[in-house]
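Undergrad: Pasting a structure below so you can have a look.
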Amino acid sequence: MAPKEGKGAARAEASATSPRISILSSPSWSSRIGTRRSLARLRPLTLATPELVKLHTPTTLRTGVLPSELACRLFYYMAGDAKFWPRNTYYLFDKLVTSPHRTTFFVRSLQEGRGNSADMTSYNGKVVHEPKEFPWLLEEACRVIEPIVLEEMQKRRRYPLEWGGHPAWTASVAAVNCYEGMKEGVGYHADALTYLGPHCTIASLSLGCERRFRLRETLSPDPVREPRTFDIPLPHNSLLIMHPLTQERFKHSIPPQTRLDVFRPPLPALPGGDTRAYNQRINITFRFYRPDFCDLAPNCACGLPAILRPDLKGKYAGRMDPDDEYQYFWQCDAGKVNEGKGCGLWQLMDWKAEKRGPMLCEETRTCRNDAPC
Ligand SMILES: O=C(O)CCC(=O)C(=O)O
Ligand SMILES: [Fe+2]
């Protein structure tokens with residue numbers, strides 16, 4: 001989240017230099033929200049089947065996605081490793097907070113067409129100092145998951161600023177979370193798009209205990225109702241694919257729960273051994289770091305890479321129509337590591353001036369080295 005000072009400073013600076021930016025704090029938008037406040041806030045709607053998930057959200061749910069033995073071995077591997085993973089710490093305004101879960105990060109080994117792993121060592125604005133290469137089990141899981149993601153992408157509406165090169169999607173990094181017990185979770189956020197680019201696709205694998213994934217609309221697409229909140233139960237060995245619009249129109253979280261069913265792996269950890277119950281959920285988010293974004297984030301005046309965010313509240317466009325072209329902006333993120341203090345950079349992404357692409361909307365597709373792709 002942006003530091004208070006930085007945000008205010010950025011707006012003041014922006015409105016002094018650009019007349020268009022005044023739309024950012026349009027009073028008409030807040031008054032429209034005000035008229036909806038009087039309506040009862042809607043309770044989360046549980047989406048218990050893949051059909052309901054598809055109907056209400058821009059995500060796809062697949063259950064039983066990996067061969068059962070692979071899912072079980074990957075759970076054992078990650079649950080055993082998780083003891084050594086850190087909890088993220090960051091500044092929220094001037095307060096140092098610690099995330100209520102453990103997290104780690106893996107980079108796919110360097111292969112042709114996958115970009116340079118040296119450019120892939122940042123996650124949500126943080127440089128990962130000792131990125132680990134995909135262990136063999138993660139590579140095996142990728143071989144199952146990549147074709148599923150590509151198949152699901154083909155079934156959906158595509159957006160002009162999606163990656164237009166080849167491959168359309170590959171898992172170049174994996175951010176892995178471990179939630180132990182029912183109180184651990186992660187607060188509402190939209191994933192930073194710094195290396196993913198606009199309208200990204202993220203494939204999120206759940207292993208172990210079932211937890212609820214909560215998706216909250218940031219604005220209602222329907223002016224007569226409040227934004228809605230959805231709960232998607234994610235069982236062991238399920239894959240939730242977050243398609244375009246998930247980061248643009250929703251925030252997501254793993255909320256704490258008041259009860260939890262323990263997980264009993266279908267196979268023992270060692271041949272002939274007993275199986276015991278676990279209270280952990282492992283989440284692996286496979287992400288495609290776009291070649292045109294992974295090494296090109298502008299630096300802010302603090303000397304750190306800026307973070308790319310979508311215009312979640314429709315403040316720039318002033319409206320939230322599903323067919324709108326979304327705006328994205330570069331924002332100073334230094335406050336997270338710098339006691340809440342940042343330089344206030346706020347700059348609209350201009351993909352043509354920033355020489356990004358190829359985008360899906362470009363008729364003649366060429367890669368960044370000008371070779372057809
Ligand atoms: O655990 C999950 O399903 C969500 C994790 C998440 O939102 C993230 O890593 O950004
Ligand atoms: Fe996330």
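The values are calculated or read from the model by the stated rules, or taken from the named source; none is laboratory data. These numbers come from a predicted model, not from an experiment. We place every Cβ from the backbone using ideal geometry, glycine too, and count neighbours over all the protein chains shown. The area values use the complete protein model at the heavy-atom level, side chains included, leaving out ligands, DNA and RNA. Shrake-Rupley method; radii C 1.70, N 1.55, O 1.52, S 1.80 Å.
A quick yes/no check of all residues on (1) of a type outside the set (Ser, Thr, Tyr); (2) at pLDDT below 50:
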| position | (1), (2) |
| --- | --- |
| ALA10 | yes, yes |
| SER30 | no, yes |
| ARG36 | yes, yes |
| LEU45 | yes, no |
| GLU51 | yes, no |
| GLY64 | yes, no |
| SER68 | no, no |
| MET78 | yes, no |
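Undergrad: Out of the range 130-173, which residues are hydrophobic (A, V, I, L, M, F, W, C), within 16 Å of ligand 1 (Cβ to nearest atom) and outside any helix (DSSP H, G or I)?
TA: Answer for the range 130-173, where residues must be hydrophobic (A, V, I, L, M, F, W, C), within 16 Å of ligand 1 (Cβ to nearest atom) and outside any helix (DSSP H, G or I): ALA171, VAL173.
Undergrad: While we're on this one: Could you run through the range 200-217 and say how many residues are away from ligand 2 (no atom under 14 Å from the Cβ), in contact with a Leu (Cβ under 8 Å, 6 or more places away or on another chain) and either closer than 28 Å to LEU360 by Cα or open to solvent by less than 10 Å² (accessible area, probe 1.4 Å) (or both)?
TA: Summing the residues that are away from ligand 2 (no atom under 14 Å from the Cβ), in contact with a Leu (Cβ under 8 Å, 6 or more places away or on another chain) and either closer than 28 Å to LEU360 by Cα or open to solvent by less than 10 Å² (accessible area, probe 1.4 Å) (or both) in the range 200-217 gives 2.
Undergrad: To continue, here is another question. Sort out which residues of the range 219-241 are closer than 30 Å to PHE263 by Cβ and outside any strand (DSSP E or B), and write them in order of number.
TA: ARG228, PRO235, HIS236, ASN237
Undergrad: Which of the residues spanning the range 88-129 are at pLDDT below 80, surrounded by 14 or more Cβ atoms within 10 Å (Cβ to Cβ) and not in a loop (DSSP other than H, G, I, E, B)?
TA: The answer is TYR90, TYR91, SER117, ASP119, SER122, TYR123, LYS126.
Undergrad: What number of residues within the range 179-201 satisfy the criterion of being part of a loop (DSSP other than H, G, I, E, B) and farther than 24 Å from GLU162 by Cα?
TA: Counting residues in the range 179-201 that are part of a loop (DSSP other than H, G, I, E, B) and farther than 24 Å from GLU162 by Cα gives 5.
Undergrad: Any residue at all in the range 150-167 that's in contact with a Pro (Cβ under 6 Å, 6 or more places away or on another chain) and within 15 Å of ligand 2 (Cβ to nearest atom)?
TA: For the range 150-167, residues in contact with a Pro (Cβ under 6 Å, 6 or more places away or on another chain) and within 15 Å of ligand 2 (Cβ to nearest atom): absent.
Undergrad: Evaluate the range 174-189: report whether one residue or more is open to solvent by 10 Å² or more (accessible area, probe 1.4 Å), at pLDDT 90 or above, hydrophobic (A, V, I, L, M, F, W, C) and away from ligand 1 (no atom under 16 Å from the Cβ).
TA: Checking the range 174-189: not a single residue is open to solvent by 10 Å² or more (accessible area, probe 1.4 Å), at pLDDT 90 or above, hydrophobic (A, V, I, L, M, F, W, C) and away from ligand 1 (no atom under 16 Å from the Cβ).
Undergrad: Within the range 202-218, can one find any residue that is within 14 Å of ligand 1 (Cβ to nearest atom) and assigned to a loop (DSSP other than H, G, I, E, B)?
TA: Looking through the range 202-218, at least one residue is within 14 Å of ligand 1 (Cβ to nearest atom) and assigned to a loop (DSSP other than H, G, I, E, B).
Undergrad: Can you find, within the range 135-189, the residue that is nearest to ASP261 (Cα to Cα) among those that are of a type in the set (Gly, Ala, Ser) and within 18 Å of the chain's Cα centre (by Cα)?
TA: GLY185
Undergrad: Report every pair of residues separated by at least 6 positions or lying on different chains whose Cβ atoms are under 6 Å apart, first residue within the range 184-212 and over 30 Å from PRO67 (Cβ atoms), second within 9 Å of ligand 1 (Cβ to nearest atom) and open to solvent by 10 Å² or more (accessible area, probe 1.4 Å).
TA: ALA192/ASN124
Undergrad: Follow-up. Exactly one condition in (1) within 16 Å of ligand 2 (Cβ to nearest atom); (2) surrounded by fewer than 17 Cβ atoms within 10 Å (Cβ to Cβ) is false for ARG225; which is it?
TA: Just one mismatch for ARG225, condition (1).
Undergrad: Test ARG276 against the criterion of being open to solvent by 40 Å² or more (accessible area, probe 1.4 Å), touching a Pro at 6+ places or on another chain (Cβ under 7 Å), on the phi < 0 side of the Ramachandran plot and not hydroxyl-bearing (Ser, Thr, Tyr), and give yes or no.
TA: It is false that ARG276 is open to solvent by 40 Å² or more (accessible area, probe 1.4 Å), touching a Pro at 6+ places or on another chain (Cβ under 7 Å), on the phi < 0 side of the Ramachandran plot and not hydroxyl-bearing (Ser, Thr, Tyr).
Undergrad: Which numbered condition in (1) open to solvent by 10 Å² or more (accessible area, probe 1.4 Å); (2) within 15 Å of ligand 2 (Cβ to nearest atom) is the only one that ILE254 fails?
TA: Of the numbered conditions (1) open to solvent by 10 Å² or more (accessible area, probe 1.4 Å); (2) within 15 Å of ligand 2 (Cβ to nearest atom), the odd one out for ILE254 is (1).
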